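Trainee: Below you will find the structure I want to go over with you.
The values are calculated or read from the model by the stated rules, or taken from the named source; none is laboratory data. These figures come from a predicted structure and were not determined experimentally. Cβ coordinates were reconstructed from backbone atoms using ideal geometry, including for glycine residues, and neighbour counts include every protein chain displayed.
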Amino acid sequence: MSKHLTIFEMGPRDGLQNEKVHIPTADKIALVNLLTDAGFQKIETASFVSPKWVPQMADGADVLAGISRKPGTKYTALTPNMKGYERAKTANADEVAIFGSASEGFSQANINCSIAESIDRFKPIVEAAKVDGIPVRGYVSCIIACPYDGPTDPEQVIATSQMLLDLGCYEVSLGDTIGAGTPENTKRLLDAMTKVIPADKLAGHFHDTHNTALANIETAISYGVTTFDAAVGGLGGCPYAPGAKGNVNTLEVAQLAERLGFETGLELAKVEEAQKFILDLKQVLA
């Protein structure tokens, strides 16, 4: 049997949230349905943050209500606080995610509180999700460097990740938010991390600012990491990380997985179809 690599599709949420032009709800639903048909097991579909801060994501409940759900596919949502969690639960999100930072500067800029305060804020979400039987995933931003604080100490990445796991997250996705990762500093981080946190509790989330995301993924695979976030068409960026390029392109990650002997469960022709749909739509709306 070939080894399995999971690609966690971020396009409908992390990919679209920074688009300057409003993407109609019907088109978001169509994108999720195309991705479902391509075979993804995990699709981040919505974000229940304040519409004031991320207006592109204001229709999350409508998107989750309108998609054609497929057994075996989990449709996930980002939930920064209890209000967001309750909205995600009402919208029948299969899984929720909470997002912390390995850098104090980014934590203040992104969610307006310290790292320690963010963990306290997440506790009731995880406790409620446990009661409701909803899995919780954790994100850690700025694992390599921060646009405000500079290079990130691997020990801080470990500390934030461990706090999220201790809360009850089943997995922590390590976010190279500004795309500062290289195979060398990714190796340095994972050398330290995998001594204390098992690789099967980690996922990689690499932005492709300097065209190093695929090389970083290959490095992470060598440490036993087999889940990676990616966005169809390389959509995305970060409003709090000036100049940050989009997420690594899903199709390129799937092709890399194939070259390395992993199966992903994806139909690449259908991934291409989803990519063409959203990139063509962006051109039309621009």
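Trainee: Hey, among Thr36, Thr45, which residue is closer than 26 Å to Leu268 by Cβ, touching a Pro at 6+ places or on another chain (Cβ under 6 Å) and of a type in the set (Ser, Thr, Tyr)? It would help to see each step written out before you state the result.
Mentor: Numbers: Thr36 fails: touching a Pro at 6+ places or on another chain (Cβ under 6 Å).
After applying the criteria, what remains is Thr45.
Trainee: Identify, from the list Tyr148, Tyr139, the residue that is in contact with a Leu (Cβ under 9 Å, 6 or more places away or on another chain) and of a type in the set (Phe, Trp, Tyr).
Mentor: Matching residue, one of Tyr148, Tyr139: Tyr139.
Trainee: Determine which member of the set Ile134, Ile111, Ile144 is β-branched (Val, Ile, Thr), within 23 Å of Phe206 (Cα to Cα) and surrounded by fewer than 24 Cβ atoms within 10 Å (Cβ to Cβ).
Mentor: Ile111
Trainee: Shifting gears a bit: Here is a check on your reading of the model: is Ala77 within 21 Å of Asp229 (Cα to Cα), modelled with pLDDT of 95 or more, not β-branched (Val, Ile, Thr) and not in a helix (DSSP H, G or I)?
Mentor: So Ala77 passes the test.
Rundown of residues vs (1) closer than 23 Å to Val63 by Cβ; (2) at pLDDT below 95, yes/no style:
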{"residue": "Ser114", "(1), (2)": "no, yes"}
{"residue": "Ile119", "(1), (2)": "no, yes"}
{"residue": "Phe122", "(1), (2)": "no, no"}
{"residue": "Glu127", "(1), (2)": "no, no"}
{"residue": "Tyr139", "(1), (2)": "yes, no"}
{"residue": "Cys142", "(1), (2)": "no, no"}
{"residue": "Pro151", "(1), (2)": "no, no"}
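Trainee: Can you confirm whether Val131 is more than 14 Å from Arg13 (Cα to Cα), out of contact with any strand residue (DSSP E or B) (no Cβ under 9 Å at 6 or more places or on another chain), of a type in the set (Val, Ile, Thr) and part of a helix (DSSP H, G or I)?
Mentor: Numbers: more than 14 Å from Arg13 (Cα to Cα): yes; out of contact with any strand residue (DSSP E or B) (no Cβ under 9 Å at 6 or more places or on another chain): yes; of a type in the set (Val, Ile, Thr): yes; part of a helix (DSSP H, G or I): yes.
Spelling it out, Val131 is indeed more than 14 Å from Arg13 (Cα to Cα), out of contact with any strand residue (DSSP E or B) (no Cβ under 9 Å at 6 or more places or on another chain), of a type in the set (Val, Ile, Thr) and part of a helix (DSSP H, G or I).
Trainee: Is there a residue being in a loop (DSSP other than H, G, I, E, B) and in contact with a Gly (Cβ under 9 Å, 6 or more places away or on another chain) anywhere in the range 148-158?
Mentor: Checked the range 148-158: at least one residue is in a loop (DSSP other than H, G, I, E, B) and in contact with a Gly (Cβ under 9 Å, 6 or more places away or on another chain).
Trainee: Collect the residues in the range 114-129 that are small (Gly, Ala, Ser), within 20 Å of Asp149 (Cβ to Cβ) and buried (at least 19 other Cβ atoms within 10 Å of the Cβ), keeping them in residue-number order.
Mentor: Ser118
Trainee: Just to check your reading of the model, which residue among Glu273, Glu252, Glu218 is among the charged types (D, E, K, R), without any contact (Cβ under 8 Å) to a residue 40 or more places away in the chain and more than 23 Å from Gly100 (Cα to Cα)?
Mentor: So the residue among Glu273, Glu252, Glu218 that is among the charged types (D, E, K, R), without any contact (Cβ under 8 Å) to a residue 40 or more places away in the chain and more than 23 Å from Gly100 (Cα to Cα) is Glu252.
Trainee: Go over the candidates Ala192, Ala180 one by one and state the one that is of a type in the set (A, V, I, L, M, F, W, C), over 19 Å from Ser118 (Cβ atoms) and buried (at least 16 other Cβ atoms within 10 Å of the Cβ).
Mentor: Numbers: Ala192 fails: buried (at least 16 other Cβ atoms within 10 Å of the Cβ).
Checking each option against the conditions leaves just Ala180.
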